[in-house]
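Below is one structure, written out as structure tokens; comments come after it.
The values are calculated or read from the model by the stated rules, or taken from the named source; none is laboratory data. Not measured: the values here are computed from a predicted model. Ideal geometry is used to build each Cβ from the backbone, glycine not excepted, and the neighbour counts take in all protein chains shown. Keep in mind that these areas ignore ligands, DNA and RNA; they rest on the heavy atoms of the full protein, side chains included. Shrake-Rupley method; radii C 1.70, N 1.55, O 1.52, S 1.80 Å.
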Amino acid sequence: GVGMGMTAPVSITAFPAEDGSFQHKVKVSLRIPSQFQDSPPCPTDESIKIEERQGMTIYSTQFGGYAKEADYVNYAAKLKAALGSEAAYCKDFYLCNGYDPPMKPYGRRNEVWFVKE
């Protein structure tokens with residue numbers, strides 16, 4: 001019953017298939033605003049879970065526009081190529097982040113994150 005408004009980033013955990021495309025399973029995460037961090041409201045929908053994300057070090061790339069799955073897959077492939085075989089990062093998943101509300105037409109910011117191992 002508490003409205004929290006739009007938070008940023010909206011983060012999608014993608015579990016890539018062999019060809020790099022998203023598998024059907026993805027996890028969408030929203031940041032709980034600062035004023036609710038100490039005592040977040042309890043979700044009324046059982047499919048919604050409150051999780052604490054631990055600190056992490058990431059490898060990241062940024063791009064603009066209205067991001068679609070193909071954009072995230074493309075930029076994840078570019079980030080993977082830029083990192084080469086020397087960088088140690090989790091290969092089971094990566095994070096796709098959008099920072100802007102749908103109504104913002106210009107100057108949009110999206111990122112792909114690989115979590116450093």
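Structural remarks
- Single residue of the stretch 84-117 satisfying the filter (open to solvent by 50 Å² or more (accessible area, probe 1.4 Å) and aromatic (Phe, Trp, Tyr)) that is farthest from Ser21 (Cα to Cα): Tyr106
- Subset of the stretch 1-25 [closer than 24 Å to Lys80 by Cα, hydrophobic (A, V, I, L, M, F, W, C) and not in a strand (DSSP E or B)]: Ala17
- Every test in (1) in contact (Cβ under 8 Å) with a residue 40 or more places away in the chain; (2) within 16 Å of the chain's Cα centre (by Cα) is passed by Ser29 save one, and that test is (1).
- Of the residues examined, Tyr59 is not one that is under 12 Å from Ala14 (Cβ atoms), hydroxyl-bearing (Ser, Thr, Tyr) and either open to solvent by less than 70 Å² (accessible area, probe 1.4 Å) or outside any loop (DSSP other than H, G, I, E, B) (or both).
- Scanning the stretch 26-36 for residues that are in a helix (DSSP H, G or I) and either open to solvent by less than 50 Å² (accessible area, probe 1.4 Å) or closer than 15 Å to Lys68 by Cα (or both) returns a single hit, Phe36.
- In the stretch 62-84, residue farthest from Ala8 (Cα to Cα) [restricted to those that are assigned to a loop (DSSP other than H, G, I, E, B) and of a type in the set (Gly, Ala, Ser)]: Gly84
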